Amino acid sequence: MHSNSRKLENVLGCKWSVSVLLAVNNGVIRPGALEKHINGISKKVLSERLRKLMAYGLLEKHTFPEVPPRTEYSTTPLGQKLIDIIQQIQSLNTELEADSIHNIEENNLV
């Protein structure tokens, strides 16, 4: 079994895992919709990422007994905590990029 820090590294170090988490958080909750929404992800990789994110307790799977069967995913409270952190990091990155551009322009380094 992976240590908790290794789990976090596996999620954050994988662009697909982060993309899946963010997409589910934004309401893209069905496997087919996720595959279409996340540019470049294969069905196999999506299935692997969904299984891994569920195993890590970040996503929940909901299966509905319909014909054809319907499957949806949602974030767990732990998954939502991680999404909040990812969004804070993205916001900080945007600020850093804007600050870097401002500094370059201010110092006539363009």
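Are any residues in the range 3-40 closer than 20 Å to D84 by Cβ and hydroxyl-bearing (S, T, Y), and if so, which ones?
S5, S17, S19
Residues of the range 10-31 being in contact with a Lys or Arg (Cβ under 9 Å, 6 or more places away or on another chain) and closer than 15 Å to H62 by Cβ, which ones?
V28, R30, P31
Hey, among the residues in the range 55-80 that are assigned to a helix (DSSP H, G or I) and in contact (Cβ under 8 Å) with a residue 12 or more places away in the chain, which one's surrounded by the fewest Cβ atoms within 10 Å (Cβ to Cβ)?
L78
When V28 is evaluated against the numbered criteria (1) surrounded by 15 or more Cβ atoms within 10 Å (Cβ to Cβ); (2) part of a loop (DSSP other than H, G, I, E, B); (3) out of contact with any His (no Cβ under 9 Å at 6 or more places or on another chain); (4) not charged (D, E, K, R), which criterion, by number, is the only one it fails?
That leaves (3) as the condition not met.
Restricting the range 31-54 to residues that are touching a helix residue (DSSP H, G or I) at 6+ places or on another chain (Cβ under 8 Å), among the aliphatic types (A, V, I, L, M) and not in a loop (DSSP other than H, G, I, E, B), which is surrounded by the fewest Cβ atoms within 10 Å (Cβ to Cβ)?
My answer is V45.
We did not get these values from a lab; they are worked out from the coordinates using the rules stated. What you see is a predicted model, and the numbers here were worked out from it, not measured in a lab. Cβ sites come from the backbone with ideal geometry, for glycine too, and all protein chains shown count toward neighbours.
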